[in-house]
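Undergrad: Pasting a structure here, questions to come.
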Amino acid sequence: VNIILLGPPGAGKGTQARRLVEARGMVQLSTGDMLRDARNSGTEMGRRVAEVMDRGELVTDEIVIGLIRERLEGPEGAGFIFDGFPRTLPQADALEELMAELGQRIAAVIEMQVDDAVLVARISGRYTCGNCGEVYHDVTRPTKVVGICDVCGSTDLRRRADDNAESLRTRLLEYYKKTSPLVGYYWAKERLRRVDGLAEIEAVAAEIAAILDSGQ
Ligand code: AP5
Ligand code: ZN
């Protein structure tokens, strides 16, 4: 099955997507990760999007739809997890078309509900492994040994350039203005499912597993 994880910055989309890859062999398609890879590899497109991302604004629909289109031609595993995409109504329409071309559909759109106050604490405590991408948090999910990734042993633990108070404010505004209309869009298509994103990581994972196993 193919699913979308929908929610504001810090809702836990990346954290849950990684668990689904591990547990079910699904394929994570994170436009945020793709854009960060493009920046790190110094491509022309990467240079263009870097400043936009650091300010916390959305990059153009054209760029992210192009990235998704390329990846959908690759292996699909046990289904795709769209993480951070779509983020605008035009992106949602483009995804419907791309899936139809492949003879596939989105089975469920999982909205991860959280309070803004919690998002600030989550984003300001986040760090990730530069080698394997595992996501950590200073308080809620620290590495077992300080400075060393639990998964791959790398010491390359990083904080994101856009994880500061000012960019987060812009990211939240972008979410409410441009992305939150997707809640109604998918509700009308009877594909919206809600989970309590404030629960512990394990409990959120269990709720998502229940949705996937309900044959949705
Ligand atoms: P992107 O990389 O998608 O960032 P985001 O949406 O802001 O989401 P985050 O990665 O910040 O949060 P998350 O929900 O994945 O939370 P996480 O699991 O890390 O996008 C970055 C930028 O790229 C955008 O601003 C934009 O410029 C551009 N972009 C990307 N896609 C685009 C698109 N489609 N269109 C246009 N532009 C696009 O968790 C956060 C923290 O909380 C972690 O520390 C984690 O350990 C902790 N945590 C997670 N779950 C829990 C829990 N249940 N309890 C306690 N702690 C938890
Ligand atoms: Zn690692």
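Bear in mind that the values in this text are calculations on the coordinates, not laboratory data. Just so it is clear, the structure is predicted and the values come from calculations on it, not from any experiment. Don't worry about glycine lacking a Cβ; one is built from the backbone with ideal geometry, like all the others, and counts go over all protein chains shown.
Undergrad: Return 138, 83 ranked ascending by Cβ neighbour count within 10 Å, so the fewest neighbours appear first. Could the numbers behind the result be given before it?
TA: Values: 138 11, 83 23.
The most exposed by this proxy come first: 138, 83.
Undergrad: Still on this structure, I have one more. What is the magnitude of the charge dipole of the chain about its Cα centre, with +1 placed on the Cβ of each Lys and Arg, -1 on the Cβ of each Asp and Glu, and no other charges, expressed in debye to the nearest 20? Could you put the intermediate results ahead of the total?
TA: Values: 28 positive and 34 negative charges, 56 e Å.
Charge dipole of the chain: 260 debye, to the nearest 20.
Undergrad: Please express the Cα-Cα pair-distance distribution P(r) of segment 8-160 as a list of whole percents, one per 10 Å bin, running from 0 to the bin with the greatest distance.
TA: 10, 35, 39, 15, 1
Undergrad: Given H placed 1.01 Å from N in the peptide plane, which residues other than close sequence neighbours of residue 194 have an amide H under 5 Å from its amide H?
TA: 111
Undergrad: What nm distance separates the two modelled labels at residue 148 and residue 164, each placed 7 Å from Cα along Cα→Cβ?
TA: 3.2 nm
Undergrad: Hey, can you rank 96-105, 29-38 by average C-beta count inside 10 Å, highest first?
TA: Values: 96-105: 12.3, 29-38: 19.5.
Put in order of decreasing packing, that is 29-38, 96-105.
Undergrad: Convert each backbone phi in segment 147-162 into a coupling constant with the Karplus relation 6.51 cos²θ - 1.76 cosθ + 1.60 (shift: θ = phi - 60°), then list the ³J(HN,Hα) values in order as whole Hz, x for Gly and Pro.
TA: Values, residue by residue: x, 10, 5, 4, 7, 10, x, 5, 9, 8, 9, 10, 10, 7, 4, 8 Hz.
Undergrad: Residue 79's amide H: which non-local residues (gap 5+, or another chain) put their own amide H closer than 5 Å, with H modeled 1.01 Å from N in plane and none for Pro or chain starts?
TA: HN-HN under 5 Å from residue 79: 27.
Undergrad: Where both partners of a DSSP beta bridge lie in the chain, what percent of those bridges are antiparallel, to the nearest 5?
TA: Working: 7 of 24 bridges.
Restricted to the chain, the bridges split so that about 30 percent are antiparallel.
Undergrad: Still on this structure, I have one more. Under a crude label model (7 Å from the Cα following the beta-carbon direction), how far is residue 40 from residue 24 in nanometres?
TA: The modelled label-to-label distance comes out at 2.6 nm.
Undergrad: For the chain, calculate the relative contact order in percent as a whole number, restricting contacts to Cα pairs under 8 Å that are 6 or more residues apart. Before the final figure, lay out each step's value.
TA: On the way: 303 pairs, mean separation 63.0, N = 216.
The normalised contact order for the chain reaches 29 percent.
Undergrad: Name the long-range amide H neighbours of residue 157: under 5 Å, sequence gap of 5 or more, or other chain; modelled H, no Pro or chain starts.
TA: For residue 157, whose amide H was placed from the backbone, the distant partners under 5 Å are 130.
Undergrad: I've got another one for you. In 5 Å bins starting at 0, how do the alpha-carbon pair distances of segment 120-213 split up by percent?
TA: 3, 11, 15, 16, 19, 18, 12, 5, 2, 0
Undergrad: Oh, and also: Report the gain in length on full extension from residue 210 to residue 139: 0.36 nm times residue separation, minus Cα-Cα distance, nm rounded to one decimal.
TA: Details: separation 71, 0.36 × 71 = 25.56 nm, distance 2.72 nm.
My answer for the length gained is 22.8 nm.
Undergrad: With a point put 7 Å past each Cα toward its Cβ, work out how far residue 97 is from residue 199 in nm, to one decimal.
TA: The two pseudo-label positions are separated by 3.8 nm.
Undergrad: On full extension of the chain, what length is gained from residue 47 through residue 70, given 0.36 nm per residue of separation minus the C-alpha to C-alpha distance?
TA: Roughly 6.3 nm would be gained on extension.
Undergrad: Please give the Cα centre distance for segment 1-39 versus segment 121-191, rounded to the nearest Å.
TA: Between the Cα centre of segment 1-39 and that of segment 121-191, the gap is 10 Å.
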